[in-house]
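Step one of this worksheet: look at the structure below.
The values are calculated or read from the model by the stated rules, or taken from the named source; none is laboratory data. Here the structure is a predicted model, which means the values were calculated and not measured. Positions of Cβ are generated from backbone atoms using ideal geometry, with glycine treated the same way; all protein chains shown enter the neighbour counts. Ligands, DNA and RNA are stripped out before the accessible areas are found, and what is left, the full protein with its side chains, is counted by its heavy atoms. Shrake-Rupley method; radii C 1.70, N 1.55, O 1.52, S 1.80 Å.
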Amino acid sequence: MAANMARNRAWVGIRRYELPAYRRFSSSSPYPSIPLSTPLPGVPKPVFARVDGQEKYETKVTTLENGLRVASQNKFGQFCTVGLLINSGSRHETKYLSGISHFLEKLAFSVSRPSVVHGSCHSTARFGSKDEILLTLEKHGGICDCQTSRDTTMYAVSADTKGLDTVVSLLSEVVLQPQLSDEELEMTRMAVRFELEDLNMRPDPEPLLTEMIHAAAYRDNTVGLPRFCPIENIDKINRNTLHAYMNNYYTPDRMVLAGVGIEHEQLLECARKYLQEVKPVWESGKPKSVDNSIAQYTGGIVKVEKDMSDVSLGPTPIPELSHIMIGLQSCSFLEDDFIPYAVLNMMMGGGGSFSAGGPGKGMFTRLYLNVLNRHHWMYNATSYHHSYEDTGLLCIHASADPRQVREMVEIITREFTLMAGSVGEVELNRAKTQLKSMLMMNLESRPVIFEDVGRQVLATGKRKLPIELCSLISNVKASDIKRVATKMLRSKPAVAALGDLSELPDYDQIQAALSSKDGRLPRSYRLFR
């Protein structure tokens, strides 16, 4: 009885949609057979993605009347990432107290005043506390973040695309209408002090060494200025100091509103609504003074003698290590040589001696093959490349027992000199392939695409597509690597040293080793030991 009823219902459905009748299979029970190639009635015809070798979603850029650039990259998905990138960072603090950018990063997405748009108060932009801001974002499944670097400040929000209007309104409030109350400033001072203490106590010294190597390479100018607020400036920075800085550097012509996962026209409409006519809370009408200094590479050494024996505690503490970072001047990201330098950095690679060594970990890079695999006593050897709009720095960080610092320095200087030697075709192709794969895998993430769009448009006014970058990487030859390495070795070294430095060679000896053919330190002889 039940089987007959089910069979009748199937017949009714087939007759209703005028589909071909069922056929009997070898089994005893009949089932309706509808080919998968037959379109379902009432369902829209599907549109399938096609691969035609061309980039359909190029980055669109529009400049508003006030100078603000609006850049968007469409991307399929329910969520979007939108933010403001500002040409402002620690390198611009020459005429101000160092640490302003660090303070602004900690103050971001805190209390703000109601904004005034076209002479009327915008009711959705009244936030009495940071909790209200976060609650507003939560309604659209959003999260927020602010990051500052030496040359860029970035305010970003990821949320549902339906909340785009609210997100841009909130960004306008946070960036242009901060209240900067005494209570907020005091909380920020506490946060900065805590971060500075943590920076000096953490087992991984890489952030501290990066700060030191920049100070050595660009002494007292631009990217060599401290990124973290010096402890003596914490109590000196106040609301007037911050407003004076923002009056000069938080201007529309130094900003980019970037968005990924939204239509360009929608973002443009929100930008005109919330960022075109708004007057910042700090605007004083005084003439602006912007520091356009070009980075001056000086080279030099910064040493910090420090007891590292108790940095890592616990049942399996890390042994006491001394850390050395040696760097040489490379080039800016606007120059053609930027790509060969990036390939060279990937070819050097490196990492920690306890790496799992899985696919893509760079176990065939030079710092693994020539350094970590041959010298068991070295705990770390890693290559880094820092590049800015007017300069760059390629450096190697190494860690070892304090008694073997001299030998470690010689190994690193030898690797620098070998960069200008012969480059094998296999290792070059491996480095280029790894660089391209890393680029493409990183750009699968929406926030990474957002940052790439924002930074490129902020620096050049346009964006190079990944396919263009991959083509440039593929065109790098062994002669290009040798040429840029030879050019780099002509510059004075920058040295940062942290820990027990009793065995550290003199700066002149390190410079002489990098100028020699084999990278060896000058031998010193003693009559008495």
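For the structure I just gave you, tell me whether Arg406 is touching a residue at least 12 places away in the same chain (Cβ under 8 Å), more than 26 Å from the chain's Cα centre (by Cα) and open to solvent by 60 Å² or more (accessible area, probe 1.4 Å).
On the way: touching a residue at least 12 places away in the same chain (Cβ under 8 Å): yes; more than 26 Å from the chain's Cα centre (by Cα): yes; open to solvent by 60 Å² or more (accessible area, probe 1.4 Å): yes.
Taking the combined requirement at face value, the residue satisfies it.
Is there any pair with a first residue in segment 434-452 that is without any contact (Cβ under 8 Å) to a residue 12 or more places away in the chain and a second that is open to solvent by less than 40 Å² (accessible area, probe 1.4 Å) whose Cβ atoms are under 7 Å apart and which are 6 or more apart or on different chains, and what are they?
Asp452/Leu443
Condition first: at pLDDT 95 or above and charged (D, E, K, R). Now tell me which residues in segment 196-219 satisfy that.
Within segment 196-219, Glu211, Arg219 qualify.
Of (1) open to solvent by 10 Å² or more (accessible area, probe 1.4 Å); (2) modelled with pLDDT of 95 or more, Val495 satisfies all except one. Which?
(1)
Only residues that are within 29 Å of Thr59 (Cα to Cα), of a type in the set (D, E, K, R), open to solvent by 50 Å² or more (accessible area, probe 1.4 Å) and outside any helix (DSSP H, G or I): list them for segment 457-486, please.
Matches in segment 457-486: Lys462, Lys464.
In segment 152-171, what residues are more than 24 Å from Ser90 (Cβ to Cβ) and of a type in the set (Gly, Ala, Ser)?
Taking segment 152-171 as the starting set, the residues that turn out to be more than 24 Å from Ser90 (Cβ to Cβ) are 158-170.
Answer for segment 152-171, where residues must be more than 24 Å from Ser90 (Cβ to Cβ) and of a type in the set (Gly, Ala, Ser): Ser158, Ala159, Gly163, Ser169.
I'm told Ser383 meets every condition in (1) at pLDDT 95 or above; (2) open to solvent by less than 50 Å² (accessible area, probe 1.4 Å); (3) over 21 Å from Lys492 (Cβ atoms) except one. Can you identify the failing condition by its number?
(3)
Are any residues in segment 88-134 part of a loop (DSSP other than H, G, I, E, B), modelled with pLDDT of 90 or more and open to solvent by 40 Å² or more (accessible area, probe 1.4 Å), and if so, which ones?
Thr94, Lys95, Tyr96, Leu97 - these are the residues of segment 88-134 that are part of a loop (DSSP other than H, G, I, E, B), modelled with pLDDT of 90 or more and open to solvent by 40 Å² or more (accessible area, probe 1.4 Å).
What tally of residues in segment 395-419 results from selecting those that are assigned to a loop (DSSP other than H, G, I, E, B) and in contact with a helix residue (DSSP H, G or I) (Cβ under 7 Å, 6 or more places away or on another chain)?
Of segment 395-419, the ones assigned to a loop (DSSP other than H, G, I, E, B) are 401, 419.
Remaining after also requiring in contact with a helix residue (DSSP H, G or I) (Cβ under 7 Å, 6 or more places away or on another chain): 419.
So the count comes out to 1.
What number goes with the only condition from (1) more than 30 Å from Leu443 (Cα to Cα); (2) in contact with a Leu (Cβ under 6 Å, 6 or more places away or on another chain); (3) among the small types (Gly, Ala, Ser) that Ser516 does not pass?
Going through (1) more than 30 Å from Leu443 (Cα to Cα); (2) in contact with a Leu (Cβ under 6 Å, 6 or more places away or on another chain); (3) among the small types (Gly, Ala, Ser) one by one, Ser516 breaks only (2).
Within segment 420-449, count every residue that is buried (at least 18 other Cβ atoms within 10 Å of the Cβ), part of a loop (DSSP other than H, G, I, E, B) and either on the phi > 0 side of the Ramachandran plot or polar (S, T, N, Q) (or both).
The total comes to 0.
Suppose the filter is touching a residue at least 24 places away in the same chain (Cβ under 8 Å) and open to solvent by 30 Å² or more (accessible area, probe 1.4 Å); does Phe364 pass it? I'd like the intermediate steps shown before the answer.
Values: touching a residue at least 24 places away in the same chain (Cβ under 8 Å): yes; open to solvent by 30 Å² or more (accessible area, probe 1.4 Å): yes.
Yes.
Could you tell me how many of the residues in segment 200-215 are over 19 Å from the mean Cα position of the chain (by Cα) and in a helix (DSSP H, G or I)?
Summing the residues that are over 19 Å from the mean Cα position of the chain (by Cα) and in a helix (DSSP H, G or I) in segment 200-215 gives 4.
For segment 236-253, check the following and say yes or no: at least one residue is touching a Lys or Arg at 6+ places or on another chain (Cβ under 6 Å) and closer than 19 Å to Thr152 by Cβ. Steps first, answer last, please.
At the first step, the residues of segment 236-253 found to be touching a Lys or Arg at 6+ places or on another chain (Cβ under 6 Å) are 248.
Filter again for closer than 19 Å to Thr152 by Cβ, leaving 248.
Yes, segment 236-253 has at least one match.
Suppose we filter Arg227, Arg254 for residues that are in contact with an Asp or Glu (Cβ under 8 Å, 6 or more places away or on another chain) and either farther than 30 Å from Gln511 by Cβ or open to solvent by 20 Å² or more (accessible area, probe 1.4 Å) (or both); which single one remains?
Numbers: Arg254 fails: in contact with an Asp or Glu (Cβ under 8 Å, 6 or more places away or on another chain).
Arg227 is the lone residue from the list that is in contact with an Asp or Glu (Cβ under 8 Å, 6 or more places away or on another chain) and either farther than 30 Å from Gln511 by Cβ or open to solvent by 20 Å² or more (accessible area, probe 1.4 Å) (or both).
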